[in-house]
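Here the structure is laid out as structure tokens; the discussion comes afterwards.
The values are calculated or read from the model by the stated rules, or taken from the named source; none is laboratory data. The structure displayed is predicted, hence computed values, not measured ones. Here the Cβ positions follow ideal geometry from the backbone for every residue, glycine too, while neighbour counts run over all protein chains shown. The accessibility values were calculated without ligands, DNA or RNA, using every heavy atom of the protein model including side chains. Shrake-Rupley method; radii C 1.70, N 1.55, O 1.52, S 1.80 Å.
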Amino acid sequence: MAADLYFAGGRGSGFGSTRSDSAGSEGSKPAGSVFWAAAWRVLNLVVMMIAVFAALVLVVVPRATGSQTYTVLTNSMAPKFPPGTFLVMKPAAFDELSYGDVITFQMYSGRPDVETHRIVGFGATQSGDRTLVTRGDNNGANDAEPVTAPQVTGKLFYAVPYAGFAANALGNVDRDLWTKLAAAGLIGYGATVVFKAVRKMRKWGTGAEPAA
């Protein structure tokens, strides 16, 4: 009888220690660390989404549509397009341009300097070719010279406030290089996030099942 009591006590003690270890492993991480780990994962997801959105808006879509990108440098189109606005100008047929369209055009045909203003009227040359009358939204008078077809480089596709400051900081000369580097960085970052997620899923999938 004494041996039976000793044996039962031993079994009870063993099961008790097992449950204690299990509870300790589940609660080994403080609530604060669990919260910050979850917050960090959410932050990573938000950063990833912002990076993907920025890549699409500032790099992928302009390249895919053959658009030109520019940065507003003056107040001539304020308040809607203040300095620092990133403009994506999509190619458009000259005959399809209409009143109110925002266009980018060479200030002098054949020269690199450009201006972005709104179409406020139409005219014609002596030979009958159509011309555009333009003006900045914040200017009190129309542009001195009419705009002809060879001068137009694009019609406004969309604009991103303040993003132009970042584009200018990277420099106009090496913008293509910076674009490629940014794209490579985004791809690498995305691959890292996906790799970590897959590794965690595999780890959870191969974990030992708790004892019944």
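LYS90 contributes about 80 Å² of solvent-accessible surface, heavy atoms of the protein only, 1.4 Å probe. Ordering of 32-39, 148-155, 95-102, 65-72 by packing is 148-155, 65-72, 95-102, 32-39, highest average first (other Cβ atoms within 10 Å, averaged per residue). When each of the peptides 137-143, 104-110 is scored by how many other beta carbons lie within 10 Å of its residues on average, the order from highest to lowest is 104-110, 137-143. In this structure, the amide hydrogen of TYR158, modeled 1.01 Å from its nitrogen in the peptide plane, lies closer than 5 angstrom to those of VAL88, counting only residues at least 5 positions away or on a different chain.
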